[in-house]
């Protein structure tokens, strides 16, 4: 999935990627992983990651 997102960004020549997060941390994040995190680590353009509202 991250590969497809980065491919689309390249094809569209986007200046910014905006993604939401699930707000996971710790062990859950390590075991499940995060598409947003993978995009953040590998993107050649800016990424805005939006966390969930508190209490959700």
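The values are calculated or read from the model by the stated rules, or taken from the named source; none is laboratory data. In this text, all values refer to a predicted model and were calculated from it rather than measured experimentally. Positions of Cβ are generated from backbone atoms using ideal geometry, with glycine treated the same way; all protein chains shown enter the neighbour counts.
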Check your understanding: Does any residue in segment 1-21 that is without any contact (Cβ under 8 Å) to a residue 24 or more places away in the chain come within less than 9 Å, Cβ to Cβ, of a residue that is in a helix (DSSP H, G or I) and surrounded by 10 or more Cβ atoms within 10 Å (Cβ to Cβ) six or more places away or on a different chain, and which pairs are these?
Key -> 3/38; 3/42
Exercise for review: Filter segment 14-23 down to the residues that are out of contact with any strand residue (DSSP E or B) (no Cβ under 8 Å at 6 or more places or on another chain) and under 16 Å from residue 2 (Cβ atoms), then identify the one that is modelled with the highest pLDDT.
Suggested key: 14
Check your understanding: Restricting segment 26-47 to residues that are modelled with pLDDT of 85 or more and in a loop (DSSP other than H, G, I, E, B), which is surrounded by the fewest Cβ atoms within 10 Å (Cβ to Cβ)?
Key -> 44
